[in-house]
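Q: Shown below is the structure under consideration.
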Amino acid sequence: MLKQPSLFEFTPDVVLQAVEKLSKSPSEDRGAVFTKRPIVDFILDLAGYVTTAELLGLRILEPSFGNGDFLFPIVDRLLGTIPLDTRKDPTLVARLAACIRGVELHQETFADTQRKLIAKLIDSGFRKADSEDLARSWLRAGDFLLTEFDASFDMVVGNPPYLRLERIPEALLLEYRKRFSTLYDRADLYIPFIEHSLNQVSSGGKLCFICADRWMKNRYGGPLRKMVAESFKLTAYASITGVNAFQQEVTAYPAITLIAREASGPTRVASIKSIDTITLGKLAKQLTSKRFTQPSEDLQQLENVTKGSAPWLLESSTNLDVVRRLEALYPTLEEAGCKVGIGVATGADKVYIGPYDSLDVEEARKLPLAMTKDIASGVVDWRGFGVVNPYEVDGTLASLDDYPRFKKYLLERKSQITARHVAKKTPISWYRTIDRIHPDLARTPKLLIPDIKGEANVVYESGTLYPHHNLYYITAQDWDLHALKTVLSSGIARLFVATYTTKMRGGYFRFQAQYLRRIRLPEWKSVPAKTKRLLIETCSIANPEACNEAVSVLYGISKEERNLLGWQ
């Protein structure tokens with residue numbers, strides 16, 4: 001009977017226990033998501049693992065093989081290059097043993113897939129003993145991130161697990177952080193999976209993964225993007241829109257990346273809108289052919305996509321040309337004297353937020369609050385909510401003894417307040433909100449923008465409300481806020497945000513501070529008086545076409561560029 005390899009003989013006990021726990025957990029606790037066969041075949045085609053190649057001389061790695069979505073097609077392709085009458089040759093079996101490596105953490109899944117692989121090899125003409133030996137050589141049970149290999153690979157393919165770091169046992173997460181420099185901020189587990197996989201790729205070798213696309217632009221993906229830019233070439237990128245590439249529903253937008261260990265160069269960018277085999281087969285050839293064919297709406301070749309840790313700009317060449325031109329000419333929003341921030345997160349909204357008149361604290365200890373629903377109509381329509389403010393103007397926590405009603409209100413809710421992480425971390429200031437509240441902000445005129453929106457919903461607030469944490473705010477030293485509202489309500493805001501952010505489910509963009517700060521803006525003093533009046537007057541029209549017309553004057557955007565950008 002075939003014996004399953006033991007798990008991590010040399011890891012510390014506490015880490016071993018964490019791995020053992022994960023190895024027995026349900027698939028959703030391990031971030032397992034399974035890939036449809038046409039996508040698997042497309043990835044193998046992109047990587048060059050095709051039956052016309054000398055597969056017997058190549059080494060391929062699948063770092064999380066699960067039920068065999070990639071493993072069995074790999075085996076099929078490899079065996080497709082081996083004549084039937086040679087499959088009992090012992091020298092052939094020895095050569096085959098080095099061709100494939102697959103790793104799987106989940107014990108039951110490992111055992112089940114291993115049994116199926118042995119049966120498949122026997123059905124394909126191999127002796128039972130040889131089939132078991134091959135399965136033993138090809139498959140490893142354990143945590144890929146803690147697995148070392150004795151040789152590099154020509155190809156690494158697969159679908160890394162989707163798992164937030166907070167779901168990983170603390171001891172194991174600490175071990176990962178020691179090993180992987182890209183495990184930064186609130187990264188997903190697929191980040192170190194990609195790093196470890198790239199480190200296994202030989203010179204001239206390739207990695208081809210299907211994975212959530214968020215790391216390509218957001219903050220936590222920075223170190224991994226830097227790694228790719230410095231040592232690899234992003235050969236091809238294919239987004240998947242409007243179709244489900246997986247065997248279950250997922251909330252993330254997936255993309256397929258082909259990364260090679262070779263000198264940097266242009267990146268071919270495609271959009272997959274159908275997953276039928278014929279269409280994907282043709283696209284794989286277009287993405288990997290030596291000569292690039294005529295670009296189209298769904299297929300382009302872009303230069304300088306990777307640049308240090310900067311977000312990957314994978315939009316159409318027209319959009320990039322405009323963005324790059326504006327970036328060369330104008331300062332950022334904040335360099336032009338504006339400030340971008342986010343509203344208050346309390347950690348316990350049910351305690352700190354309620355109808356303003358019903359918050360039984362002193363007037364100095366509460367502020368009227370602007371929430372997303374208050375600006376949904378495009379203007380401020382305050383519904384009467386407020387936030388309890390534990391901070392004095394100088395930033396210190398208000399003394400409970402100085403405000404009897406405030407003290408009574410908090411003590412009655414102390415169990416809820418102290419249950420928060422922020423309270424446990426600093427017990428002496430147990431009643432602070434997660435974010436410090438700056439009372440002067442409520443009295444400052446500002447623009448409010450909801451976090452997630454298909455288009456920028458920019459609302460002017462005259463200086464009476466404090467923003468909630470689902471709202472971003474922009475204040476300005478020099479710029480007239482009504483003129484700035486016209487700029488941010490135009491296609492300019494969407495152009496920059498769409499370039500630097502990733503789409504959410506439903507096609508929405510996240511208008512977060514990090515993306516709003518990317519917007520370029522002329523200094524107010526450099527704007528001609530006539531243009532200033534146009535921008536201010538356009539604000540009251542609330543018409544996207546008029547906004548686009550006004551900012552075209554401001555930025556010098558030509559009619560041709562407007563047409564190419566899709567502006568009316």
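The values are calculated or read from the model by the stated rules, or taken from the named source; none is laboratory data. Remember, it's a predicted structure, so these values are computed and weren't measured experimentally. Cβ atoms come from the backbone with ideal geometry, glycine included; neighbour counts cover every protein chain shown. The area values use the complete protein model at the heavy-atom level, side chains included, leaving out ligands, DNA and RNA. Shrake-Rupley method; radii C 1.70, N 1.55, O 1.52, S 1.80 Å.
Q: Are any residues in the range 50-74 open to solvent by 10 Å² or more (accessible area, probe 1.4 Å) and either under 29 Å from the mean Cα position of the chain (by Cα) or more than 11 Å from VAL156 (Cβ to Cβ) (or both), and if so, which ones? Break it down into steps so the answer makes sense when it comes.
A: So in the range 50-74, the residues open to solvent by 10 Å² or more (accessible area, probe 1.4 Å) come out as 50-54, 56-59, 64, 67, 69, 72.
Listed by number, the residues that qualify are VAL50, THR51, THR52, ALA53, GLU54, LEU56, GLY57, LEU58, SER64, ASN67, ASP69, PHE72.
Q: For the range 413-428, which positions are more than 34 Å from the chain's Cα centre (by Cα) and surrounded by 12 or more Cβ atoms within 10 Å (Cβ to Cβ)?
A: Listed by number, the residues that qualify are ARG413, LYS414.
Q: Where in the range 149-232 are there helices (runs of 4 or more DSSP H), lying wholly inside it, with at least 1 residues that are surrounded by fewer than 19 Cβ atoms within 10 Å (Cβ to Cβ) and of a type outside the set (Phe, Trp, Tyr)?
A: Values: elements: 170-179, 190-198, 222-231.
Passing ranges, in order: 170-179, 222-231.
Every residue, every condition in (1) closer than 29 Å to ASP41 by Cα; (2) touching a residue at least 40 places away in the same chain (Cβ under 8 Å), yes or no:
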| position | (1), (2) |
| --- | --- |
| GLU262 | yes, yes |
| ILE275 | yes, yes |
| THR279 | yes, no |
| ALA284 | yes, yes |
| PRO295 | yes, no |
| GLU315 | yes, yes |
| THR318 | no, yes |
| GLY341 | no, yes |
| ALA345 | no, yes |
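Q: Oh, and also: Would you point out which residue out of GLU327, GLU335 is open to solvent by 50 Å² or more (accessible area, probe 1.4 Å), of a type outside the set (Phe, Trp, Tyr) and either under 30 Å from GLU561 (Cβ atoms) or in a loop (DSSP other than H, G, I, E, B) (or both)? Explain how you work it out, then say what you get.
A: Working: GLU327 fails: open to solvent by 50 Å² or more (accessible area, probe 1.4 Å).
Within the list GLU327, GLU335, the selection yields GLU335.
Rundown of residues vs (1) touching a residue at least 40 places away in the same chain (Cβ under 8 Å); (2) closer than 29 Å to ASP478 by Cβ, yes/no style:
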{"residue": "SER358", "(1), (2)": "no, no"}
{"residue": "PRO368", "(1), (2)": "yes, yes"}
{"residue": "ILE375", "(1), (2)": "yes, yes"}
{"residue": "GLY386", "(1), (2)": "no, no"}
{"residue": "PRO390", "(1), (2)": "yes, no"}
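Q: Shifting gears a bit: Every residue in the range 9-50 that is at pLDDT 80 or above, closer than 30 Å to THR235 by Cα and β-branched (Val, Ile, Thr), please.
A: THR35, ILE39, VAL40, ILE43, VAL50 - these are the residues of the range 9-50 that are at pLDDT 80 or above, closer than 30 Å to THR235 by Cα and β-branched (Val, Ile, Thr).
Q: Please work out which residue is farthest from TRP430 (Cα to Cα), limiting yourself to the range 342-353 and to residues that are small (Gly, Ala, Ser) and open to solvent by 10 Å² or more (accessible area, probe 1.4 Å).
A: Within the range 342-353, the subset small (Gly, Ala, Ser) is 343, 345, 347-348.
Of the ones still in play, those that are also open to solvent by 10 Å² or more (accessible area, probe 1.4 Å) are 345, 347-348.
Values: ALA345: 15, GLY347: 11, ALA348: 12 Å.
Among those that are small (Gly, Ala, Ser) and open to solvent by 10 Å² or more (accessible area, probe 1.4 Å), it is ALA345.
Q: If you don't mind, another one. Could we say that ALA111 is in contact with a strand residue (DSSP E or B) (Cβ under 9 Å, 6 or more places away or on another chain), farther than 30 Å from GLY281 by Cα and assigned to a helix (DSSP H, G or I) here?
A: Details: in contact with a strand residue (DSSP E or B) (Cβ under 9 Å, 6 or more places away or on another chain): yes; farther than 30 Å from GLY281 by Cα: yes; assigned to a helix (DSSP H, G or I): yes.
Criteria met by ALA111.
Q: Can you confirm whether the range 362-370 contains a residue that is over 17 Å from THR464 (Cβ atoms), under 31 Å from the mean Cα position of the chain (by Cα) and open to solvent by 20 Å² or more (accessible area, probe 1.4 Å)?
A: No: the range 362-370 contains no residue that is over 17 Å from THR464 (Cβ atoms), under 31 Å from the mean Cα position of the chain (by Cα) and open to solvent by 20 Å² or more (accessible area, probe 1.4 Å).
Q: Would you mind finding the one in ALA141, ALA135 that is among the small types (Gly, Ala, Ser) and more than 25 Å from GLN17 (Cα to Cα)?
A: ALA135
Q: Among the residues of the range 35-49, count how many are open to solvent by 10 Å² or more (accessible area, probe 1.4 Å) and either in a loop (DSSP other than H, G, I, E, B) or among the acidic types (Asp, Glu) (or both).
A: Within the range 35-49, the subset open to solvent by 10 Å² or more (accessible area, probe 1.4 Å) is 36-38, 41, 45, 48.
From the residues that got through so far, the ones that are either in a loop (DSSP other than H, G, I, E, B) or among the acidic types (Asp, Glu) (or both) too are 36, 41, 45, 48.
Total meeting the criteria: 4.
Q: Tally up the residues in the range 130-148 that are open to solvent by less than 40 Å² (accessible area, probe 1.4 Å) and assigned to a loop (DSSP other than H, G, I, E, B), please.
A: 3
Q: Which of the residues spanning the range 50-63 are part of a loop (DSSP other than H, G, I, E, B), touching a strand residue (DSSP E or B) at 6+ places or on another chain (Cβ under 6 Å) and not charged (D, E, K, R)?
A: LEU58, PRO63
Q: Would you mention how many residues in the range 106-129 are closer than 12 Å to LYS88 by Cα and either buried (at least 22 other Cβ atoms within 10 Å of the Cβ) or touching a residue at least 60 places away in the same chain (Cβ under 8 Å) (or both)?
A: From the range 106-129, those closer than 12 Å to LYS88 by Cα are 121-122, 124-129; that's our starting set.
After this cut, where a residue has to be either buried (at least 22 other Cβ atoms within 10 Å of the Cβ) or touching a residue at least 60 places away in the same chain (Cβ under 8 Å) (or both) as well, the list is 121, 126.
Qualifying residue count for the region: 2.
Q: Inspect the range 266-275 for any residue being modelled with pLDDT under 90 and open to solvent by 50 Å² or more (accessible area, probe 1.4 Å) and give the result as yes or no.
A: Yes, the range 266-275 contains at least one residue that is modelled with pLDDT under 90 and open to solvent by 50 Å² or more (accessible area, probe 1.4 Å).
Q: Name the residue, out of ARG383, ARG405, ARG365, that is of a type outside the set (A, V, I, L, M, F, W, C) and closer than 22 Å to VAL459 by Cβ. Working first, answer last.
A: Details: ARG405 fails: closer than 22 Å to VAL459 by Cβ; ARG365 fails: closer than 22 Å to VAL459 by Cβ.
Residue meeting the stated conditions: ARG383.
Q: Of the residues ARG432, ARG436, which is closer than 14 Å to ILE342 by Cα and either part of a helix (DSSP H, G or I) or open to solvent by 20 Å² or more (accessible area, probe 1.4 Å) (or both)? Outline the logic, then answer.
A: Details: ARG432 fails: closer than 14 Å to ILE342 by Cα.
Of the residues listed, the single one that is closer than 14 Å to ILE342 by Cα and either part of a helix (DSSP H, G or I) or open to solvent by 20 Å² or more (accessible area, probe 1.4 Å) (or both) is ARG436.
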